[in-house]
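Novice: Handing you this structure, nothing more for now.
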Amino acid sequence: MSTTRIHVGTTANPLDPVEALEFCSAPGHGAVDLFIGRVRDINQGKAVRGVTYDLHEALCRNVFQELAEETAAQWGDEITLCLIHRFGRLDIGEASVVAAASSRHRDEAFRACRQLVEEMKHRAPIWKKEHYVDGDSEW
């Protein structure tokens with residue numbers, strides 16, 4: 001019997017990694033892996049003052065769900081997964097994505113969390129516009 005638990009979402013509100021950790025809490029899980037993607041202050045050698053993320057909410061949530069189901073199928077049916085991405089204008093240091101995975105053992109949790117993040121970067125309909133200190137910006 002599968003006990004996979006999945007939570008995916010998008011939000012304009014600041015992300016709280018503790019919520020992902022709490023969702024991924026399970027009595028039989030000895031490992032929880034957490035990834036937090038944050039806005040950095042430099043991109044391709046240019047100083048950044050912030051970014052804007054644009055995404056298609058419904059499609060993005062569907063892709064996230066699909067990714068999580070694929071990840072669960074690969075890493076075990078007792079895994080718990082959480083993937084949430086923020087949209088809108090974010091400043092340096094703010095979290096843009098939170099991913100978490102929990103399982104009985106660390107190897108599955110590490111690999112599942114990484115798989116979620118890597119596949120999201122390749123497949124999710126999310127666009128990022130960098131806002132540079134010099135006033136320029138680009139998608």
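Novice: So what is the relative contact order for the chain, in percent, with contacts set as C-alpha pairs under 8 Å and at least six apart?
Specialist: 37
Novice: May I pose another question? Which far-off residues, 5 or more places away or on another chain, put their amide H under 5 Å from the one on Arg49, with H placed in the peptide plane?
Specialist: Correct list: His131, Tyr132, Val133.
Novice: Continuing with the same structure: Can you give me the solvent accessible area of Val32 with a 1.4 Å probe, rounded to the nearest 10 Å²?
Specialist: Answer for Val32: close to 70 Å² accessible.
Novice: Enter the Cα centre distance for the pair the range 18-83 and the range 115-130, rounded to the nearest angstrom.
Specialist: What the calculation gives is 10 Å, centre to centre.
Novice: Between [x] 55, 26, 24; [y] 56, 36, 33; [z] 35, 30, 30, which matches Cα extents along the principal axes in Å calculated for the structure shown?
Specialist: Matching the structure shown: [x].
Novice: If amide H atoms are built 1.01 Å from N in the plane of the peptide, which residues on other chains or at least 5 residues away come under 5 Å of the amide H of Val8?
Specialist: Correct list: Leu83.
Novice: Just to check I understand the Karplus step: with θ = phi - 60° and J = 6.51 cos²θ - 1.76 cosθ + 1.60, what whole-Hz values come out for the range 23-39, glycine and proline as x?
Specialist: 4, 7, 7, 8, x, x, 9, x, 9, 10, 10, 10, 10, 10, x, 10, 6
Novice: Over the chain, average the accessible area per residue using a 1.4 Å probe and give it in Å², no decimals.
Specialist: Heavy-atom SASA per residue in the chain reads 55 Å².
Novice: Further, regarding this structure: What's the angle, to the nearest 10 degrees (0 to 90), between helix 106-123's Cα axis and the longest principal axis of the chain?
Specialist: For helix 106-123, the angle is close to 40 degrees.
Novice: Residues with beta-carbon under 11 Å from that of Met120, excluding Met120: net charge, scoring Lys, Arg +1 and Asp, Glu -1?
Specialist: 0
Novice: Could you rank the peptides 15-25, 121-131, 105-115 by their average count of other C-beta atoms within 10 Å per residue, with the highest value first?
Specialist: 105-115, 15-25, 121-131
Novice: Suppose every Lys and Arg Cβ carries +1 and every Asp and Glu Cβ carries -1, with no other charges. What dipole size does the chain come out with about its Cα centre, to the nearest 20 debye?
Specialist: 160
Novice: Using only Cα atoms and rounding to the nearest 10 degrees, what angle (0 to 90) does helix 57-75 make with the longest principal axis of the chain?
Specialist: Tilt of helix 57-75: around 40 degrees.
Novice: For Leu15, which sequence-distant residues (separation of 5 or more, or a different chain) have an amide H within less than 5 Å of its own amide H, given hydrogens modelled in the peptide plane?
Specialist: Those qualifying (amide H under 5 Å, at least 5 residues apart or on another chain) are Ala95.
The values are calculated or read from the model by the stated rules, or taken from the named source; none is laboratory data. No experiment lies behind these values; they were computed from the predicted model shown. Counting neighbours? That spans all protein chains shown, and the Cβs are built from the backbone with ideal geometry, glycine included. Just the protein is used for accessible areas: all its heavy atoms, side chains included, with ligands, DNA and RNA removed. Shrake-Rupley method; radii C 1.70, N 1.55, O 1.52, S 1.80 Å.
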